[in-house]
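Okay, so here's the structure we're looking at.
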Amino acid sequence: MSPDELKTLTKQPITLSPLLQAMWHDHHGNWEASHNIAQEINDRHGSWVHAYLHRKEGDSSNASYWYRKAGKSMPNTTLEKEWEEIVQSLLKTK
């Protein structure tokens, strides 16, 4: 699967990892469902998704906290580019 294929799925991909499901929800406009999943995953990938979601929300101080937990800096890229990077990383670890 590729990030583009994940975007085109019309039904929640329950066979994929919870974080990929979170990214699917985010792409389909359900920030709350995505956030609910991400905040339950206590590893670097969960923290990265959590950071991205707070960055998207416009809460940069909360996003900064989660980027630090993920071992990353807040990116200067677009949200779309970061979404792609996160999904590509998650697809490699599944």
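Computed from the coordinates by the stated procedures, all read-outs in this text should not be read as laboratory data. All values reported here derive from a predicted model rather than from experimental measurement.
Based on Cα contacts under 8 Å between residues 6+ apart, the chain shows a relative contact order of 26 percent.
Note: relative contact order over region 46-93, using C-alpha pairs below 8 Å and six or more positions apart, is 35 percent. Between GLU32 and GLN88, the contour length at 0.36 nm per residue exceeds the alpha carbon distance by 18.0 nm. Using Cα atoms only, what is the angle between the long axis of helix 44-57 and the major principal axis of the chain, expressed in degrees (0 to 90) to the nearest 10? Long axis of 44-57 versus the principal axis of the chain: about 80 degrees.
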